[in-house]
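Engineer: One structure, as structure tokens, below. Some questions next.
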Amino acid sequence: MTQSPRKKPEELRSHRWYGIKDLRAFGHRSRTAQMGYHRSDYAGKPVIAIINTWSDINPCHSHFKQRVEEVKRGIWQAGGFPVEMPAISLSEPFQKPTTMLYRNLLAMECEELLRSYPTDGCVLMGGCDKTTPALIMGAISMNLPAIFMPAGPMLRGDYNGEFLGSGSDTWKYWAELRAGNITEQDWQNVEDGIARSPGHCMTMGTASTMTSAAEALGLTLPGAASIPAPDSRHAQMATLTGKRIVDMVWEDLKPSDILTAASFDNAVTTVLALGGSTNSIVHLIAMARRAGIDLDIERFDALARKTPVLANLRPSGKYLMEDFFYAGGLRAFLTQLGGLLDFTQRTCNGRTLGENVEGAKVFNADVIRPLDNPVVAGDGLAVLKGNLAPGGAVIKPAAMEPQLRKHKGPAVVFKDYNDMAARIDDEALPVTKDSVIVLQSAGPQGAPGMPEWGQLPIPKKLLVQGVRDMLRISDARMSGTSYGACVLHVTPESHVGGPLALVRDGDIIELDVDARRIDMLVSDEELAQRKAVWKQPAPKFTRGYGVLYLKHIQQADTGCDFDFLETEKAQAEQGGEPEIH
Ligand code: FES
């Protein structure tokens, strides 16, 4: 591997703010002095932005106030000048209608913070679902040296001597409560014990999926993604991350030097072998397109066909991220994937992925399975096409009841979320375990924001009969901690006139996972007649950020990025970074 020549201090981007002799630089220096820094604190040193997504309303990042001090310690030690820059937090449990509405806003904020301030490199502090892709998307577009510091999973939940998993056990016990199998007191005990430390969700949900993907891409220090948030080794990793970014600036090691089609294949394969979240499809495609790499949903399907699920983690398996860490973590996990990964890919510490996992050992072969004893032999995710989803749809076969892989049944259609909430538990709803529940208007524009509504509830009258899974279809996403036979991301979405908008009660819908098909058995002529009288619902926003969102959001198959933020368009129109005065 060729070593990049080291930068000189006057070649630093921040030199334009601090190093030159003019009135504006005087202002920058005098205002830095105002904050108590002597010029020897920063002169000739890389200025490192720490983009911190802490907030009082994000429990997954509640340790970031402390961690940012540890990152700063590393930056100081390595001869850099740390500057903390808070950014919108995107707190998954609280933000309505969905954090996905704001993923691109955080990506823009990250990019513009880096562009408009005297930054030479950055540490990206995220972990709660959308924060990871958003920060990385922004950093890719700005293309300054960048390293990701994952929040780390929270500890296992605890209830009546059992371990609880974020999300997965919420859905499970909620269904049991509705079916009358547990008491209100039991339910309260679940509430008290399911989230008992800082850190992101500790199932293989979107957070663990995306931080692991970031590590497989080479954007974190080796092993960083698996360390539980409260573990002292997480604090040590934060300091090491701060140290490393300073050298990355001198080496001028940028995202464009790390991210390749092969490194994205590594990330996709890692996600599939982890039994990771379907949300990763949307995020990884958006990240790749920012990097100018043409990753599409067919690539996920092609890799899924040859990638077994080796991580025995909920929702597809049994264990939680704390167990995964004790079993050896992601480094050990990657060694199990052998020839499925390209270990020659460069990472942010300057070494290859292969060098980073060298010597890693699996300490529990039931948590991290070998290739010859997978949790699921293949099909961690599957991409479906058909007359119901010409642009594609997604299902997670590893987390559904196997008999539903091939299924045919009549549709029970809800025109939007409120309609579903009002009628789903109606005793008179004409639904059986063979019905197919369909939700419209839940996509990027329709909901809007493509919320995680895709694990549509099973009607109460079926729950009490013991039904725990049935075929469900929507243009929504699904939480990575969810499970069930849920067809998601139907593209084009119903709000823009996709075929999902044309489904009516009683239409027969057919799913065939092995054939990768999702169809409604309605003639083309009939569908054309329905389309002719279909009217697009009114837009959900008439002012503010929502208008910008609706005007520029793209469909799920291309990652739901804003059209004007994609790399090729930006480069063509902008001609590189504008001169800053
Ligand atoms: Fe933050 Fe799940 S709520 S990661």
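The values are calculated or read from the model by the stated rules, or taken from the named source; none is laboratory data. Every value quoted in this text rests on a predicted model; they were computed, and no experiment measured them. When we count neighbours, we look across all protein chains shown, and the Cβ atoms used for this are built from the backbone with ideal geometry, even at glycine. These accessible areas exclude ligands, DNA and RNA; they are computed on the full protein's heavy atoms, side chains included. Shrake-Rupley method; radii C 1.70, N 1.55, O 1.52, S 1.80 Å.
Engineer: Among the residues of segment 467-491, which ones are over 14 Å from residue 412 (Cα atoms) and small (Gly, Ala, Ser)?
Structural biologist: Result: 476, 479, 480, 482, 484, 485.
Engineer: More than 16 Å from the ligand (Cβ to nearest atom) and of a type in the set (Val, Ile, Thr) - does that describe any residue in segment 139-149?
Structural biologist: Step one: of segment 139-149, the residues more than 16 Å from the ligand (Cβ to nearest atom) are 139-147.
Still in the running and of a type in the set (Val, Ile, Thr): 140, 147.
Yes: one or more hits.
Engineer: Go through segment 421-450 and give me each residue that's among the hydrophobic types (A, V, I, L, M, F, W, C) and assigned to a loop (DSSP other than H, G, I, E, B).
Structural biologist: Let us first name the residues in segment 421-450 that are among the hydrophobic types (A, V, I, L, M, F, W, C), namely 421-422, 424, 428-429, 431, 436-439, 442, 447, 450.
424, 428, 429, 431, 442, 447, 450 - these are the residues of segment 421-450 that are among the hydrophobic types (A, V, I, L, M, F, W, C) and assigned to a loop (DSSP other than H, G, I, E, B).
Engineer: Here is a further query. Test each condition in (1) assigned to a loop (DSSP other than H, G, I, E, B); (2) among the β-branched types (Val, Ile, Thr); (3) under 26 Å from residue 400 (Cβ atoms) for residue 344 and report the one that comes out false.
Structural biologist: It is condition (3) that residue 344 fails.
Engineer: Under 7 Å between Cβ atoms, which residue pairs at least 6 apart in sequence (or on different chains) link something in segment 475-498 that is closer than 19 Å to residue 276 by Cα and within 16 Å of the ligand (Cβ to nearest atom) with a partner that is assigned to a strand (DSSP E or B) and open to solvent by less than 10 Å² (accessible area, probe 1.4 Å)?
Structural biologist: So the pair list comes out as 477/488; 477/489; 478/486; 478/488.
Engineer: So, one more: Out of curiosity, is residue 128 open to solvent by less than 20 Å² (accessible area, probe 1.4 Å), touching a strand residue (DSSP E or B) at 6+ places or on another chain (Cβ under 6 Å) and within 16 Å of the ligand (Cβ to nearest atom)? Steps first, answer last, please.
Structural biologist: Values: open to solvent by less than 20 Å² (accessible area, probe 1.4 Å): yes; touching a strand residue (DSSP E or B) at 6+ places or on another chain (Cβ under 6 Å): yes; within 16 Å of the ligand (Cβ to nearest atom): yes.
Yes; evaluated as a whole, the condition is true for this residue.
Engineer: Could you check how many residues of segment 306-328 are part of a loop (DSSP other than H, G, I, E, B) and either at positive phi or aliphatic (A, V, I, L, M) (or both)? Let's see the steps before the verdict.
Structural biologist: Narrowing segment 306-328 to residues part of a loop (DSSP other than H, G, I, E, B): 307-308, 310, 312, 314-318, 320, 327-328.
Subsequent filtering for residues that are either at positive phi or aliphatic (A, V, I, L, M) (or both) retains 310, 320, 327-328.
Final tally of qualifying residues: 4.
Engineer: In this structure, is residue 494 within 25 Å of residue 392 (Cβ to Cβ), hydroxyl-bearing (Ser, Thr, Tyr), surrounded by fewer than 18 Cβ atoms within 10 Å (Cβ to Cβ) and modelled with pLDDT of 95 or more? Give the derivation first.
Structural biologist: On the way: within 25 Å of residue 392 (Cβ to Cβ): yes; hydroxyl-bearing (Ser, Thr, Tyr): yes; surrounded by fewer than 18 Cβ atoms within 10 Å (Cβ to Cβ): no; modelled with pLDDT of 95 or more: yes.
It is false that residue 494 is within 25 Å of residue 392 (Cβ to Cβ), hydroxyl-bearing (Ser, Thr, Tyr), surrounded by fewer than 18 Cβ atoms within 10 Å (Cβ to Cβ) and modelled with pLDDT of 95 or more.
Engineer: Counting only residues that are open to solvent by 100 Å² or more (accessible area, probe 1.4 Å) and part of a loop (DSSP other than H, G, I, E, B), which one in segment 3-28 is farthest from residue 238 (Cα to Cα)? Step through it out loud before you land on a result.
Structural biologist: Taking segment 3-28 and keeping what is open to solvent by 100 Å² or more (accessible area, probe 1.4 Å), we get 3, 5-6, 8, 10, 21, 23-24, 26.
Applying the additional criterion that residues be part of a loop (DSSP other than H, G, I, E, B) yields 3, 5-6, 8, 21.
On the way: 3: 25, 5: 26, 6: 24, 8: 26, 21: 36 Å.
Once the filter is applied, the top-ranked residue is 21.
Engineer: Does residue 118 satisfy the condition of being surrounded by fewer than 24 Cβ atoms within 10 Å (Cβ to Cβ), over 26 Å from residue 444 (Cβ atoms) and either within 16 Å of the ligand (Cβ to nearest atom) or touching a residue at least 12 places away in the same chain (Cβ under 8 Å) (or both)?
Structural biologist: Numbers: surrounded by fewer than 24 Cβ atoms within 10 Å (Cβ to Cβ): yes; over 26 Å from residue 444 (Cβ atoms): yes; either within 16 Å of the ligand (Cβ to nearest atom) or touching a residue at least 12 places away in the same chain (Cβ under 8 Å) (or both): yes.
Spelling it out, residue 118 is indeed surrounded by fewer than 24 Cβ atoms within 10 Å (Cβ to Cβ), over 26 Å from residue 444 (Cβ atoms) and either within 16 Å of the ligand (Cβ to nearest atom) or touching a residue at least 12 places away in the same chain (Cβ under 8 Å) (or both).
Engineer: Let me ask something additional. If you take the residues in segment 156-186 that are within 30 Å of residue 107 (Cβ to Cβ) and open to solvent by 20 Å² or more (accessible area, probe 1.4 Å), which one is farthest from the ligand (Cβ to nearest atom)?
Structural biologist: Across segment 156-186, the extreme among qualifying residues is 171.
Engineer: How many residues does segment 507-556 contain that are under 21 Å from residue 412 (Cα atoms), in contact with a strand residue (DSSP E or B) (Cβ under 9 Å, 6 or more places away or on another chain) and open to solvent by less than 70 Å² (accessible area, probe 1.4 Å)?
Structural biologist: Total satisfying the criteria: 12.
Engineer: If I ask for residues that are open to solvent by 10 Å² or more (accessible area, probe 1.4 Å) and either of a type in the set (A, V, I, L, M) or in a loop (DSSP other than H, G, I, E, B) (or both), which ones from segment 384-398 would you list?
Structural biologist: 387, 398
Engineer: Next question. Counting only residues that are touching a Phe, Trp or Tyr at 6+ places or on another chain (Cβ under 8 Å) and of a type in the set (S, T, N, Q), which one in segment 30-86 is farthest from the ligand (Cβ to nearest atom)?
Structural biologist: 32
Engineer: Is it the case that residue 442 is modelled with pLDDT of 95 or more and surrounded by fewer than 23 Cβ atoms within 10 Å (Cβ to Cβ)?
Structural biologist: no
Engineer: Right, another one. Would you pick out the residues in segment 449-471 that are within 29 Å of residue 195 (Cα to Cα), open to solvent by 10 Å² or more (accessible area, probe 1.4 Å) and either within 16 Å of the ligand (Cβ to nearest atom) or not β-branched (Val, Ile, Thr) (or both)?
Structural biologist: Listed by number, the residues that qualify are 452, 453, 455, 457, 460, 466, 468, 469.
Engineer: If you scan segment 549-559, which residues turn out to be in a helix (DSSP H, G or I) and touching a residue at least 12 places away in the same chain (Cβ under 8 Å)?
Structural biologist: Our first condition is that a residue be in a helix (DSSP H, G or I); within segment 549-559, this holds for 549-552, 556-558.
Once the filter is applied, which keeps residues that are in a helix (DSSP H, G or I) and touching a residue at least 12 places away in the same chain (Cβ under 8 Å), segment 549-559 yields 549, 550, 552, 556, 557, 558.
Engineer: Across segment 187-218, what is the total count of residues that are more than 15 Å from the ligand (Cβ to nearest atom), in a loop (DSSP other than H, G, I, E, B) and open to solvent by 10 Å² or more (accessible area, probe 1.4 Å)?
Structural biologist: Keep residues of segment 187-218 that are more than 15 Å from the ligand (Cβ to nearest atom), which gives 187-190, 192-193, 215-218.
Pick out the ones that are also in a loop (DSSP other than H, G, I, E, B) and you get 218.
From what's left, open to solvent by 10 Å² or more (accessible area, probe 1.4 Å): none.
Qualifying residue count, segment 187-218: 0.
Engineer: Which condition number in (1) closer than 16 Å to residue 565 by Cβ; (2) surrounded by 24 or more Cβ atoms within 10 Å (Cβ to Cβ) is the one that residue 112 fails?
Structural biologist: Of (1) closer than 16 Å to residue 565 by Cβ; (2) surrounded by 24 or more Cβ atoms within 10 Å (Cβ to Cβ), only one is false for residue 112: (2).
Engineer: Search segment 440-468 for residues that are without any contact (Cβ under 8 Å) to a residue 24 or more places away in the chain and pair each with any residue that is aromatic (Phe, Trp, Tyr) and open to solvent by less than 20 Å² (accessible area, probe 1.4 Å) when their beta-carbon atoms are under 6 Å apart and the residues are at least 6 apart or on different chains.
Structural biologist: none
Engineer: Quick one: in segment 288-303, which of the residues that are under 17 Å from residue 560 (Cβ atoms) and of a type in the set (Gly, Ala, Ser) is nearest to the chain's Cα centre (by Cα)?
Structural biologist: Filtering segment 288-303 for residues that are under 17 Å from residue 560 (Cβ atoms) and of a type in the set (Gly, Ala, Ser), the one nearest to the chain's Cα centre (by Cα) comes out as 288.
Engineer: Right, another one. Residue check: is residue 81 buried (at least 24 other Cβ atoms within 10 Å of the Cβ) and of a type in the set (Phe, Trp, Tyr)?
Structural biologist: On the way: buried (at least 24 other Cβ atoms within 10 Å of the Cβ): no; of a type in the set (Phe, Trp, Tyr): yes.
So residue 81 fails the test.
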